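Asks: One structure follows; several queries about it will come next.
The values are calculated or read from the model by the stated rules, or taken from the named source; none is laboratory data. What you see is a predicted model, and the numbers here were worked out from it, not measured in a lab. Here the Cβ is made from the backbone with ideal geometry for all residues, glycine too, and neighbour counts use every protein chain on show.
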Amino acid sequence: MPTRRRCLSLSVQAMLAATLWGCSSLPGAAAPPRVTLAGLEPLAGEGMELRFAARLRVQNPGPDPLRYDGVSLELDLRGQRFASGVAPLRGEITGWEETVLAVPVSASALALAWQLFDLLRDAGRGPPERIGYALRGRLGGSGAGGGRFSADGEIELRPRTP
């Protein structure tokens, strides 16, 4: 009886391994998109709210088209929550290509006040040349498109001199 149970256990393990290997080789298991913050542009706000267009550079690091249907994101600056937004953007990025998407995001005046407070508190070190950011979000879609993304980097504050 123990050999029969062991044989059954090995069979189940083999089927599970084959299933996982098969799923990982499907087109939908393509490499996730690479998303970075390409810029922030001011938009008209309302009341105690600031609005920006977060420009996201989305790269498709694989040969299969990346289809998306909707974008959501959260943006932290200097380790603090700053803004979030969604957009009903639809499209496709062909293999090995990239595009820039503009997603409107909202930030409360309080979030901006905290950022300014921290900058003033650190003013003894001089004005910062860069501010660190963290970006989290989701490209809506199914199959070979969509999925969650996250990125971090720095925003250049000083204008570049030619």
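Asks: Tell me which residues, restricted to segment 60-110, are surrounded by fewer than 19 Cβ atoms within 10 Å (Cβ to Cβ) and aliphatic (A, V, I, L, M).
Replies: VAL86, ALA87, LEU89, VAL100, ALA102, ALA109, LEU110
Asks: Follow-up. With (1) farther than 12 Å from VAL58 by Cβ; (2) under 21 Å from the mean Cα position of the chain (by Cα); (3) modelled with pLDDT under 95 as the list, and ALA113 as the residue in question, which single condition is left unmet?
Replies: It is condition (2) that ALA113 fails.
Asks: I would also like to ask the following. Which of the residues belonging to segment 111-149 are surrounded by fewer than 12 Cβ atoms within 10 Å (Cβ to Cβ) and farther than 30 Å from LEU66 by Cα?
Replies: ALA113, LEU116, PHE117, LEU120, ARG121, ALA123, GLY124, ARG125, GLY126, PRO127, GLU129, ARG130, listed by residue number.
Asks: Report, by residue number, each residue of segment 134-162 that is modelled with pLDDT under 85, under 18 Å from THR36 (Cβ atoms) and in contact with a Pro (Cβ under 8 Å, 6 or more places away or on another chain).
Replies: Residue satisfying the conditions is LEU157 alone.
Asks: Continuing with this model, one more query. Tell me, yes or no, whether segment 122-135 has at least one residue that is among the acidic types (Asp, Glu), over 13 Å from the mean Cα position of the chain (by Cα) and in a strand (DSSP E or B).
Replies: Within segment 122-135 (the criterion being among the acidic types (Asp, Glu), over 13 Å from the mean Cα position of the chain (by Cα) and in a strand (DSSP E or B)), the answer is no, since none of the residues qualifies.
Asks: Just wondering, is there one or more residues in segment 90-111 that are touching a residue at least 40 places away in the same chain (Cβ under 8 Å), closer than 16 Å to PRO33 by Cβ and of a type in the set (Lys, Arg)?
Replies: Within segment 90-111, not a single residue is touching a residue at least 40 places away in the same chain (Cβ under 8 Å), closer than 16 Å to PRO33 by Cβ and of a type in the set (Lys, Arg).
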